Amino acid sequence: MGERLLRDEQHLCRVLHTPFSDEQLAVVTAPLEPGVVVAGAGSGKTAVMTARVVWLVGTGQVDPSSVLGLTFTNKAAAELGARVRAALRELAVDAYGPQRLETRLEEHGEPTVSTYHAYAGALIAEHGLRLGIEPDLRVVTDASRYQLAARVVASSPATPRRLSNHLPTVINDLLALDAQLRDHLVDVARVRQFDAEFAARLGREKPLAKVLEALERTRAREELLDLVEELRAAKADAGLMEFSDAMAAGARLAIECPDVSAAERARFGVVLLDEYQDTSVSQRRMLQGLFSGTTALDGLGHPVTAVGDPCQAIYGWRGASVDNIDQFPGHFPRADRTPATRHHLTVNRRCDVRILQAANELAAPLYALHAGAEPLRPRAGAASGRIRLALHESVADEVGWIPGEVSRIRSALEGGDQPVSWADIAVLVRDRNELADVAGGLRSAGIPAEVVGLSGLLVQPEVGEVLATLRVVSDLTANAAVLRLLTGPRWRIGVRDLALLGERSHDLVRGDRTPGAGLTGALDAAVRGVDLTDVESLSDALADPGAKAYSEAARERFARLSAELTGLRRHAGDPLTDFVRRVVDVLGLDVELAAAAPGPGADQACDNLALLLDTVAEFAVQDPFASVHGLLAYLDAEAEFGAGLNVAE
């Protein structure tokens, strides 16, 4: 606050009520210059970042208002901001006493803590006109992105020949390619040139299977690039931008407008970058352009501290580049042009010794890949810990074993000094398809369980039934969804009848079939296909099952399901929320659940259906023409990447 309020490191520890280790204090008290902190899991990085701000303010090196902290999510920004403000308040109480506290805090202002995207948006709003970018552009939500992309794909004048015939897949591929181009600051023309040169090289190679596959993918990307240009034109016409657009524009401002960079450096004397391993190339270029340079006049040596862990980089699918944290010392050199200092936080404060030994053994290949990463070490006085391994003959046996094991663990922990709740126990699964069974087994045993992520909602049986019906109604070739409906508890079609139906779908397309193909051959053939006119459709076979030797029950159920789907297709043009509500009504799920025996399971299933309808309503609220294809693409992305809403608690 312009004056020295801290005497030494011990004084800092007393003010923040935290016994920082020597390793942590080395980061907290580092010189006012660029540096990167490789903070292993559970090493107290947020506490260290907070203490770093308090140290710099308390030793008079910076004012609070000149500190900028950036992280990824609104939740993380709110948490970091709250912790920093609370810590500075502790410092002010210690220095000035409660009587002068509010006055002193108002005099010196507060740090700015924001998300990377919000910071880029603020730059564009203030300086965008320098690049011809209107300052009133709206940053679209995820739902709006999928709505817009769905409209572009559906209305495109081009006739793609090599893209997937599954519209949600095309929508996701379109959004991913557009975002990747923005994240890596690559324009469409450059990709077209690369593809043309690459295709020419492939054309000179022997026509091996891999060569032909690469050539086909290159040509498919050409078609996708056409859609990218149409999507960008649609965004410009609507005055919209995505987060990746905002980051790319922010990078251009930082690189092309020196006045903007100078103003930001004058405003923020210290910059803290959280979760730096998950930043993209465009984010790094923006930060580098703003807060680093080739001379002291354009930012060389500006105090930027990045915190992260290359071994926890999980967002490569959205354009993140772990190279950013590995190469930070060269990207942000010190004022004498030497590489920035790399600090390490390696003491894990959460886990016992054996847990860390196992984690380090599993992570050894990652440590070998990243020069800045080091194995985790246990805290002083850590217990030895326990690891138990159980092998089961089947997934069902494992799912049945988990509730008893969870109850045993809680009973064993209850004898300790700290109270134990169900929320203190986590069950991690490798395959999200097991989530519903695991959660159902826990709840059946009377153990409350929360499945985290919208993907948890999407794998619930009652929700999966609705989504499968939507897929079949919107796409006659959605054979996997047809199989889910046919084999589910509502229709219960057996293996023999499924094989015959698969053969019938083959007959309708080919006019002949391979004798004896059986279930695997017939259904594999039905699900496989590229050309839309050649894809075998189980929906067509349902509508015209032919004279095959189905059981009477199967033939009657085929007719009922086909009539149900035909009736729903007549309403596919209704407003999206109304249409999904109709699907729930036709399936009779809410009636069935209302008639079920009362209990937590039935109540939660009803709540899950309500959450699905709320999600659909939120998706469609800003677009009266929101489509089923756009919704399914949005939900597919949520299921794959596991972000979004939780199931009902």
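The values are calculated or read from the model by the stated rules, or taken from the named source; none is laboratory data. If you're wondering where the values come from, they're calculated on a predicted model, not measured in any experiment. Cβ: placed from backbone, ideal geometry, glycine included. Neighbour counts: every protein chain shown. SASA here: full protein model, heavy atoms, side chains in, ligands and nucleic acids out. Shrake-Rupley method; radii C 1.70, N 1.55, O 1.52, S 1.80 Å.
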### Query
Of Lys210, Lys548, which has the most accessible area and how do the rest follow, probe 1.4 Å?
Lys210, Lys548
### Message
Solvent-accessible area of Ser411, probe 1.4 Å, all protein chains present, reported in Å² to the nearest ten, please.
### Response
80 Å²
### Message
Going 7 Å from the Cα of Glu23 along its beta-carbon direction, which residues of segment 368-395 have the amide nitrogen within less than 11 Å of the resulting point?
### Response
374-380
### Task
Can you pull the one-decimal nm distance between simple spin-label points at Glu361 and Asp607, each 7 Å off the Cα toward Cβ?
4.0 nm
### Message
Can you give me the accessible area per residue for segment 1-48, using a 1.4 Å probe, in Å²?
### Response
41 Å²
### Query
Where the only charges are on Cβ atoms (+1 Lys, Arg; -1 Asp, Glu), what is the dipole of segment 254-402 about its Cα centre, to the nearest 20 debye?
500 debye
## Note on the structure
Relative to the chain, whose Cα atoms define the longest principal axis, helix 495-510 and its Cα axis are tilted in degrees, nearest 10, by 80 degrees
### Task
Restricting things to alpha carbons, tell me how big segment 47-206 is in terms of Rg and Dmax, in Å.
24.5, 83
### Query
Sorted by accessible area (1.4 Å probe), largest first, how do Asp226, Asp259 line up?
Asp259, Asp226
### Query
Among rounded, prolate and oblate, which fits segment 536-619 when a ≥ b ≥ c are the square roots of the eigenvalues of its C-alpha gyration tensor, a/c under 1.5 means rounded, and a/b larger than b/c means prolate?
oblate
### Task
State in Å² the accessible area per residue of segment 182-230; use a 1.4 Å probe, count heavy atoms of protein chains only, and round to the nearest integer.
67 Å²
### Task
Identify the trypsin sites (Lys or Arg not before Pro) of segment 22-76 meeting these criteria: DSSP loop state and at most 12 other C-beta atoms within 10 Å of the C-beta.
none
### Task
Could you pull the Cα extents of segment 315-442 along its three principal axes, largest to smallest, in whole Å?
61, 38, 24
### Task
Give the cross-link partners of Lys75 among the lysines, using a straight C-alpha distance below 30 Å as the criterion and excluding same-chain residues fewer than 8 apart.
Lys45, Lys235
### Message
For the chain, what does the helix formula give at 222 nm: sum of -39500 (n - 2.57) over DSSP H segments with n ≥ 4, over the residue count, nearest 500 deg cm²/dmol?
### Response
-18000 deg cm²/dmol
### Task
Could you pull the Rg and Dmax for the chain, using just the Cα atoms, both in Å?
28.9, 91
### Query
Can you give the accessible area of Arg83 in Å² (nearest 10), computed on protein heavy atoms with a 1.4 Å probe?
100 Å²
### Task
Express in Å², to the nearest 10, the accessible area of Leu202 obtained by rolling a 1.4 Å probe over the protein heavy atoms while all chains stay in place.
20 Å²
### Query
Between segment 151-197 and segment 437-512, how many Å separate their Cα centres?
30 Å
### Query
Can you list the GluC sites (Glu not before Pro) in segment 1-96 that are in a DSSP coil and have 15 or fewer other beta carbons within 10 angstrom?
Glu3
### Message
In Å², and per residue, what accessible area does segment 304-444 have when probed at 1.4 Å with the other protein chains present?
### Response
62 Å²
### Message
Given a 1.4 angstrom probe, I'd like the percentage of the accessible area of the chain that is carbon and sulfur, rounded to a whole number.
### Response
53 percent
### Task
Multiply the residue gap between Gln61 and Ala176 by 0.36 nm, knock off their C-alpha separation, and tell me the result in nm, one decimal place.
37.1 nm
### Query
Dipole magnitude of segment 316-425 about its Cα centre, charges +1 at Lys/Arg Cβ and -1 at Asp/Glu Cβ only, in debye to the nearest 20?
480 debye
### Message
Ordering His184, His571, His108 by accessible area with a probe of 1.4 Å, largest first, what comes out?
### Response
His184, His571, His108
#### Entry: Helix 281-291 axis, angle to the chain major axis (alpha carbon atoms, nearest 10°)
20 degrees
### Pairwise FRET efficiency - Arg219 versus Asn165, Cβ, R0 = 22 Å, nearest 0.05
0.85
### Message
How much length would be gained if the chain were fully extended between Leu508 and Leu391, taking 0.36 nm per residue of separation minus their Cα-Cα distance, in nm to one decimal?
### Response
37.5 nm
### Summary
Checked segment 118-157 against the a/c 1.5 cut and the a/b vs b/c comparison, axes a ≥ b ≥ c from its Cα gyration tensor; verdict oblate
### Query
In nanometres, what is the gap between the two model label sites at Arg204 and Ala154, each 7 Å from Cα along Cα-to-Cβ?
4.6 nm
### Efficiency of FRET between Ala368 and Ala335 - r from beta-carbon atoms, R0 41 angstrom, step 0.05
0.80
### Summary
Here, segment 249-321 modelled as identical Cα point scatterers in vacuum has Debye log10 I(q)/I(0) at q = 0.16, 0.22 Å⁻¹ of -0.58, -0.96
## Note on the structure
In degrees rounded to 10, the 0-90 angle between helix 167-183 Cα long axis and the longest Cα principal axis of the chain is 20 degrees
### Task
State the extension gain, in nm to one decimal, for the chain segment bounded by Glu552 and Ala82, taking 0.36 nm per residue of separation less the distance between their alpha-carbons.
162.6 nm
### Task
Using R₀ = 60 Å, calculate the FRET efficiency as 1/(1 + (r/R₀)^6) where r is the Cβ-Cβ separation of Val211 and Arg89; round to 0.05.
0.40
